[in-house]
Amino acid sequence: MAGTMAGTVAGTMAGTVAVIGGSIGGLFVAAALQRAGWVVHVFERVGVPLHGRGAGIVTHPQLIAALQHVGADISDLGVQVRDRVAFDLSGQHFATLPYPQIVTSWDRIYQILRRLIPDDSYHLGEALETFTEDEGGVTMQFAGGREHHADILVGADGFRSVVRAHLLPEVQPEYAGYVVWRALAQEAELSPEVRNRVFDVFGMFMPTGTQIVGYPIAGENNDLRPGHRRYNFVWYWPVAEDDLRDMLTDASGQTHEASIPPPLVRDAVLERMAETAALVLPDVFTHVLGKSDRPFFTPIYDHLSPVFARGRIGVSGDAACVARPHIGMGVTKAAQDALALAKHLSAAPIPEALQAYSAERVPASRAAYERSRLLGRHMLQAPAQGDNDDGRNNPNMDEILRLTAVADFP
């Protein structure tokens, strides 16, 4: 029976897999398993093609290697930055760390992975409701009435994963105590003076309790020509839980759980953010913010599942572990999960393979989870003496420059 023998021999038609979640994490799983010989179907709950989600993505060597492994086209992947610089409150560079890196966008990674998956294997508007498992595989029921059977079910459906909720209901995302404001500005709309200071570097501003990260990314349709690129603005800001509830309430009075769709963020919330920015940020970043499209915020949560698989069911990417975005490893971690899953399913029967996958990826994900929490603590720590309003006296500045968006572990 395919359900019991699948995955025992590398290089053969291995069996069938249902991937829940059609974003980047799910596409990586599908691409890796498809390349290993599995028949894969991807189910995405959103009913329209995904695009424009998120903004900038920092690449790591592991991510580039994973893209190459699944056969993705990585030509014109993004913008090359060579230095990391720290800004002070006056908007001047006062510290530099050479660190070449390619910075890209969510859209670019999504597009090059989506091309690898046949259209008849990628299903939009399919929200998983429940599933049952037996020796022959996993049977899924979807909200629209579809039923689907596969040898394996993989949840790649984000930090609020339906699959993880069934598999590990005790694992709940934990609010970190701060949000991240994100915005994109067109390069051509920035003043020449500001553009000269912020473009072509990975910039940071590090006063106590908050942090700015900014860098250039491609323009629309992956336009990498100077003058046609965009600037990615990321601002971490502490928010108490009561205040967060207000921020998650839209103009109709509905309070959204965990996050709010960007168009529904109230004007009053945006106005308070802009007022705060004018008081605490350097001129280069207030200028970027003022030239940006409508900013949006995301509360920061994290979680780490104790296991990534049971029986014929696995979780990967953000469904398995969310590390705070300080390390910029969400996409890279999802890619590594996908490659590990394909490797183990090519070497052993399904239950054993999934357990081996879990045994490999839980410790690696814990390393990312703990590193991101460390950087969160560094952001909040005040100097032993004096203040750090100008960003020049952060006691952890060297480590923040060296470790932010760096994947120096497996």
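Quick note: the coordinates plus some simple rules give every number you see, no bench work behind them. If you're wondering where the values come from, they're calculated on a predicted model, not measured in any experiment. Note that each Cβ is placed from the backbone with ideal geometry, even for glycine, and that neighbours are counted across all protein chains shown.
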(message) Cut-off is 10 Å between beta-carbons; in what order do 329, 397, 140 appear when sorted fewest neighbours first?
(response) 397, 140, 329
(message) With the cut-off at 1.5 for a/c, could you classify the range 113-175 from its C-alpha gyration tensor as rounded, prolate or oblate?
(response) oblate
(message) Per 0.36 nm of contour for each residue apart, how much would the distance between residue 115 and residue 89 grow if the chain were fully extended, relative to their Cα-Cα spacing?
(response) 5.0 nm
(message) Rounded to the nearest 20 debye, what is the charge dipole size of the range 161-313 about its Cα centre when +1 sits on each Lys and Arg Cβ and -1 on each Asp and Glu Cβ?
(response) 560 debye
(message) Considering the Cα positions of the range 272-410, please state its Rg to one decimal place and its Dmax as a whole number of Å.
(response) 19.5, 60
(message) Using the Karplus curve 6.51 cos²θ - 1.76 cosθ + 1.60 with θ = phi - 60°, what ³J(HN,Hα) values do you get for each residue of the range 190-200, in whole Hz, with x for Gly and Pro?
(response) 7, 5, x, 5, 5, 4, 5, 8, 10, 7, 6
(request) If a/c stays under 1.5 just call it rounded; otherwise compare a/b with b/c (prolate if a/b is bigger, oblate if not). Do that for the range 140-219, with a ≥ b ≥ c from the square roots of the Cα gyration tensor eigenvalues. (result) prolate
(message) Let's see if you can work this out: charge +1 on each Lys and Arg Cβ, -1 on each Asp and Glu Cβ, no other charges. What is the dipole magnitude of the chain about its Cα centre, in debye to the nearest 20?
(response) 760 debye
(request) With no solvent and one equal point scatterer per Cα, compute the Debye intensity ratio I(q)/I(0) for the range 78-186 at 0.10, 0.12, 0.23 Å⁻¹ and report its log10, rounded to two decimals. (result) -0.58, -0.76, -1.35
(request) Against the globular-protein guess of 2.2 N^0.38 Å, express the Cα radius of gyration of the range 124-272 as a ratio, rounded to two decimals. (result) 1.44
(message) Run lengths n ≥ 4 of DSSP H only: what is the helix-derived mean residue ellipticity at 222 nm for the chain, with -39500 (n - 2.57) per run over all residues, to the nearest 500?
(response) -9500 deg cm²/dmol
(request) State which helices in the chain qualify, where a helix is a whole DSSP H run, it must extend 15 Å or more along its own axis by its Cα atoms, and its mean Kyte-Doolittle hydropathy must be at least 0.5. (result) 24-35, 267-280
(message) If I model the chain as equal point scatterers sitting on the Cα atoms and use the Debye formula, what is log10 I(q)/I(0) at q = 0.14 Å⁻¹?
(response) -1.26
(message) If I model a spin label at residue 256 and residue 186 as a point 7 Å from the Cα along the Cα→Cβ vector, what separation in nanometres do I get?
(response) 2.5 nm
(message) As a footprinting exposure proxy, order 343, 333 by other Cβ within 10 Å, with the fewest listed first.
(response) 343, 333
(message) From the mean inverse distance of alpha carbon pairs (Kirkwood) and the Cα radius of gyration, derive Rg over Rh for the range 47-109.
(response) 1.10
(message) Can you compute the modelled spin-label distance between residue 408 and residue 387, with each label point 7 Å from Cα toward Cβ, in nm?
(response) 3.3 nm
